[in-house]
Amino acid sequence: MNTKIRNFGPCKIESPAAYEYYTADESKVVFKTVFETEESWKEYIGEGAEFFEQAGPRKKIYFDPKEVTAGIVTCGGLCPGINDVIRGIVMELNYRYGVKRILGFPYGYQGLVKKFDHKPIELNPENVAHIGRDGGTILASSRGNQNPSDMVDRLSLYGVKMLFCIGGDGTLRGAKEIVSEIDRRGEEISVIGVPKTIDNDINYVQKTFGFSTAFSKAMEAVECAHVEAKGAPNGIGVVKLMGRHSGFIAVNAALASQNVNYCLIPEVDFDLKGKGSFLDVLKNRILTREHAVIIVAEGAGQKFFGKTEERDASGNLKLGDIGVYLKNSIQDFFKAEKIEVNVKYIDPSYIIRSIPANPEDSIFCGFLAQNAVHAAMAGKTDLVIGIWNNVFTHLPIDIAIQERKVLQPTKSTLWRTLLASTGQPAHMVAE
């Protein structure tokens, strides 16, 4: 794994940030941290251990702040904390480095394309001071790819020297295309990604902003489902949560609630019919406990919808609606069994996405924003600000978009804890 970070050149300008201490360029974050024996640790180091470059302010920087125009773009679906990141970037650029011209390009990558005629917004500490109180993004967003040549034309037109791309997997892929076009032209525009996805599925990033807020808000829906399930004979509460490829929100919401009996995620297969299947297990619970609460991640159970090549504007394969499908399947199954049930279905997806960040996420967004600015001012590019083993890192975009981070059921302490909390079988596949 090549974790080397690109720099435009040696840093010769004394940083005006005036921090009490700085991060050395040689400072690394070890990739692997758990070793079963002392010998295995020595062997790991001896073979050339894998490291990430540590994020943080550098004593000397590459770009002259007096000559810098910075750009910010927010892409993809909404997520708690975007405004906090925007605010953090603007505050750090302005107050610590003295950068006075900061442009927000509206509506995602559309804002970087002339034909859409979205005028950039001048950002300053005054007009971003309190935006963290609001959900969404003051720059608005859009999905879909744009022509990288058109986008770099726009950056060059406005003299942008550093572009901060706030978004998930699709946004980072777009950022990579922008980097390639900048390289082709031989220009020096730093491109820094700030990973945004409530699914928490960015490769080699321990946690993405918005995730904490998302599962905390999701818990409210889960608790409502529990109240509904307990409030009717044979009540069954079904909650569909986000998670196209990864079940992190579903699992964390279930653990936080402690009232969830079944958690269905994309990483773990299950059947609906047959002995030992989900519906068979659910029937036994209803007959003995007379209520149940179920969380299902949106990407779970996609095998029930067959193959599809249809994609959304972000390039993701379109998913079948497993929430509605599961609700209908439960109702049909118990009707055939002649068992009366009361199924209550809740889908809080857009409520979760559009709320402001909670305090934990808001603080985290500030750290990400500041480290993004430090990286750009030091002339680094083609990277994502990540966090690994609780240390902020520089991660090459190539590695971040190489694959999706998913929960590993056979190795994950998180999944093992979930099974203990819910009491569900490890496998719900028909015998």
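The values are calculated or read from the model by the stated rules, or taken from the named source; none is laboratory data. Just so it is clear, the model here is predicted, and its values are computed rather than measured. Because the Cβ atoms are built from the backbone with ideal geometry, glycine has one as well, and the counts that use them run over all protein chains shown. Areas reflect the complete protein model, heavy atoms only, side chains present, ligands, DNA and RNA absent. Shrake-Rupley method; radii C 1.70, N 1.55, O 1.52, S 1.80 Å.
Tabulated results
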item	result
Mean shadow area of the range 169-317 over all directions, Cα convex hull, nm²	11.4 nm²
Apportionment of accessible area to carbon and sulfur, the chain, percent (1.4 Å)	49 percent
Under the Karplus curve 6.51 cos²θ - 1.76 cosθ + 1.60, θ = phi - 60°, whole-Hz ³J(HN,Hα) for the range 148-154, x wherever Gly or Pro sits	x, 5, 4, 5, 5, 4, 5
Loop trypsin sites (Lys or Arg not before Pro), the range 217-314, which have at most 12 other Cβ atoms in a 10 Å radius of their Cβ (DSSP)	K273, K275, K307
Solvent-accessible surface (1.4 angstrom probe) belonging to F116, in square angstrom, nearest 10	70 Å²
Distance from the range 368-402 to the range 244-271 (C-alpha centre basis), Å	29 Å
Sites R285 and E309 - FRET efficiency at Förster radius 25 Å, r taken between beta-carbons, to 0.05	0.10
√(5λ) per eigenvalue of the Cα gyration tensor, the range 333-401, largest first, Å	44, 16, 11
Dipole magnitude of the chain about its Cα centre (Cβ charges: Lys, Arg +1; Asp, Glu -1), debye to nearest 20	540 debye
0 to 90° range, to nearest 10: angle between helix 211-230 axis and the chain longest Cα axis	20 degrees
Residue among Y44, F63, L155 farthest towards the positive dipole end of the chain, charges placed on Cβ	L155
The range 79-202: mean projected area of Cα convex hull, nm²	7.5 nm²
Acute angle (nearest 10 degrees) that the helix 82-91 long axis makes with the longest principal axis of the chain, alpha-carbon atoms	20 degrees
Surface/4 estimate of mean projected area, convex hull on alpha-carbon atoms of the range 38-97, nm²	8.0 nm²
For the range 263-322, the Rg and Dmax computed from alpha carbons only, in angstrom	14.3, 46
Accessible surface, the chain, averaged per residue in Å² (probe 1.4 Å)	44 Å²
Whole-angstrom gap from the range 63-131 to the range 156-222, using each part's C-alpha centre	13 Å
Exposure of D25 as accessible area (Å², to 10), given a probe of 1.4 Å and all protein chains	60 Å²
Choice from E36, E67, E228 with maximal GNM fluctuation in the chain (Cα, 10 Å cutoff)	E36
Most positive-pole-ward Cα, G231, G243, F164, against dipole of the range 164-258 from beta carbon charges	G231
Percent RCO, i.e. relative contact order, over the range 226-285, from Cα pairs under 8 Å lying at least 6 residues apart	21 percent
Neighbourhood net charge (9 Å Cβ-Cβ; Lys/Arg +1, Asp/Glu -1) for Y19	+1
Cα gyration tensor category, rounded, prolate or oblate, for the range 272-431 with a/c compared to 1.5	prolate
Relative contact order (percent, whole number), the range 292-421, Cα cutoff 8 Å, 6+ residue spacing	10 percent
Relative contact order [Cα under 8 Å, 6+ residues apart], the range 1-111, whole percent	32 percent
Accessible area, probe 1.4 Å, largest first, for residues R184, R6	R184, R6
Residue (of V85, M1, G104) at the positive-pole extreme of the range 1-111, dipole from beta-carbon charges	G104
Whole-Å semi-axes of the ellipsoid equivalent to the range 81-143 (Cα gyration tensor, √5λ, descending)	21, 15, 8
Accessible-area order (highest first, 1.4 angstrom probe) of the listed residues Y62, Y109	Y62, Y109
D (Stokes-Einstein, µm²/s), Kirkwood Cα radius, the chain, 1.306 mPa s at 10 °C	69 µm²/s
Heavy-atom SASA rank of V128, V227 (probe 1.4 Å, accessible area, largest first)	V227, V128
The range 12-65 pair-distance distribution - Cα-Cα, 10 Å bins, rounded %	22, 35, 21, 17, 6
Share of pairwise Cα separations in the range 139-255, more than 19 Å, in percent	59 percent
Equivalent-ellipsoid semi-axes of the range 299-382, from the Cα gyration tensor, Å, largest first	43, 20, 9
Fraction of beta bridges assigned by DSSP in the chain that are antiparallel (%, nearest 5)	35 percent
